[in-house]
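Enquirer: Take this structure, written in structure tokens, and hold onto it; I'll ask about it next.
The values are calculated or read from the model by the stated rules, or taken from the named source; none is laboratory data. These numbers were taken from a predicted model, which means no experiment stands behind them. As a convention, Cβ positions derive from the backbone with ideal geometry for all residues, glycine included, and neighbour counts pool all protein chains shown.
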Amino acid sequence: MVVRKRLDINGPAIAFITTTVFEWKPVLTRGNVCPIIIEELNKTRSLFRLSIISYVIMPSHIHLLLGFPNIEDLSKSIQSFKSISSRQVKQLSVPELVENGYKLWKPRFDDLIVTSEKQLKIKMEYIHNNPVRAGLVEAAEDWRYSSAVDWLTSSTGLIKIDKEFQWLI
């Protein structure tokens with residue numbers, strides 16, 4: 001059982017979320033797939049009034065730090081994102097997804113409720129350094145599909161992030 005259900009958490013919170021492509025197929029950062037993922041993250045943010053605090057889109061998975069006005073919306077928002085993005089990507093006829101019936105996402109996702117500022121910083125560093133650890137770039141801010149550029153430089157990335165989310169109330 002996920003932590004948020006065991007602890008009966010409600011109201012505003014930040015969650016560290018990981019969701020993975022079915023069979024770890026490295027398709028998310030493809031030129032035709034990534035814009036769909038970004039667009040659907042933006043739509044999900046708007047629909048559920050989320051704050052995107054930090055993110056990284058890796059070839060086969062996504063890590064997110066999301067601020068929720070109501071943490072009760074976590075499952076519904078991620079399910080919505082995965083369902084809509086999956087339908088959109090299916091229209092592209094991605095060869096790696098044909099053999100499994102165009103299934104894009106694993107049916108589940110992992111989440112962790114962030115309970116301290118220290119934990120928030122640890123998770124953010126983990127997210128931003130994921131492409132470096134994977135050998136995709138030398139420096140975190142060089143990975144195009146990450147909020148590292150927003151947090152570590154004066155530039156802005158592909159997704160608007162919220163550096164001001166109030167989570168300790």
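Enquirer: Within the stretch 107-122, is there a residue that is among the basic types (K, R) and in contact with a helix residue (DSSP H, G or I) (Cβ under 8 Å, 6 or more places away or on another chain)?
Expert: Checked against the condition, which is being among the basic types (K, R) and in contact with a helix residue (DSSP H, G or I) (Cβ under 8 Å, 6 or more places away or on another chain), the stretch 107-122 yields no hits at all.
Enquirer: In the stretch 87-129, what residues are closer than 18 Å to L66 by Cα and among the aromatic types (F, W, Y)?
Expert: Once the filter is applied, which keeps residues that are closer than 18 Å to L66 by Cα and among the aromatic types (F, W, Y), the stretch 87-129 yields F109, Y126.
Enquirer: Further question on the same structure: Identify, by number, the condition in (1) surrounded by fewer than 20 Cβ atoms within 10 Å (Cβ to Cβ); (2) closer than 17 Å to I53 by Cβ that Q91 doesn't meet.
Expert: Condition not satisfied by Q91: (2).
Enquirer: Working only within the stretch 31-63, note down all residues that are hydroxyl-bearing (S, T, Y), under 19 Å from L136 (Cβ atoms) and out of contact with any Pro (no Cβ under 7 Å at 6 or more places or on another chain).
Expert: S54, Y55
Enquirer: In addition: Mind listing whichever residues of the stretch 113-133 are in a loop (DSSP other than H, G, I, E, B) and surrounded by fewer than 13 Cβ atoms within 10 Å (Cβ to Cβ)?
Expert: Correct list: S116 only.
Enquirer: What residue, of L28, L66, is under 27 Å from A140 (Cα atoms) and in contact with a Leu (Cβ under 6 Å, 6 or more places away or on another chain)?
Expert: Step by step, each of L28, L66 is checked, and only L66 is under 27 Å from A140 (Cα atoms) and in contact with a Leu (Cβ under 6 Å, 6 or more places away or on another chain).
Residue by residue, here is whether (1) at negative phi; (2) touching a residue at least 60 places away in the same chain (Cβ under 8 Å); (3) more than 16 Å from the chain's Cα centre (by Cα) holds:
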| site | (1), (2), (3) |
| --- | --- |
| Q88 | yes, no, yes |
| V98 | yes, no, yes |
| G101 | no, no, yes |
| D111 | yes, yes, no |
| E125 | yes, no, no |
| N129 | yes, no, no |
| V137 | yes, no, yes |
| D150 | yes, no, no |
| T153 | yes, no, yes |
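Enquirer: Between residues in the stretch 60-78 that are within 14 Å of D110 (Cα to Cα) and at pLDDT 95 or above and residues that are in a loop (DSSP other than H, G, I, E, B) and among the hydrophobic types (A, V, I, L, M, F, W, C), which pairs lie under 8 Å by C-beta distance while being six or more apart or on different chains?
Expert: Partner pairs satisfying both residue conditions: H61/L28; I62/L28; L66/L50; S77/L50.
Enquirer: For K106, state whether it is basic (K, R) and in a strand (DSSP E or B).
Expert: yes
Enquirer: Among (1) among the charged types (D, E, K, R); (2) assigned to a loop (DSSP other than H, G, I, E, B); (3) surrounded by 13 or more Cβ atoms within 10 Å (Cβ to Cβ), there is one condition E138 misses while meeting the rest; what is its number?
Expert: (3)
Enquirer: Same structure, new question: Quick test for you: out of I36, I57, pick the one residue that is at pLDDT 95 or above, out of contact with any strand residue (DSSP E or B) (no Cβ under 9 Å at 6 or more places or on another chain) and closer than 26 Å to V132 by Cβ.
Expert: Being at pLDDT 95 or above, out of contact with any strand residue (DSSP E or B) (no Cβ under 9 Å at 6 or more places or on another chain) and closer than 26 Å to V132 by Cβ holds for just one of I36, I57, which is I36.
Enquirer: To continue, here is another question. Looking at this structure, is S85 part of a strand (DSSP E or B), of a type in the set (S, T, N, Q) and modelled with pLDDT of 95 or more?
Expert: Taking the combined requirement at face value, the residue does not satisfy it.
Enquirer: Of the residues L97, L92, which single one is out of contact with any strand residue (DSSP E or B) (no Cβ under 7 Å at 6 or more places or on another chain) and either small (G, A, S) or assigned to a loop (DSSP other than H, G, I, E, B) (or both)?
Expert: L92
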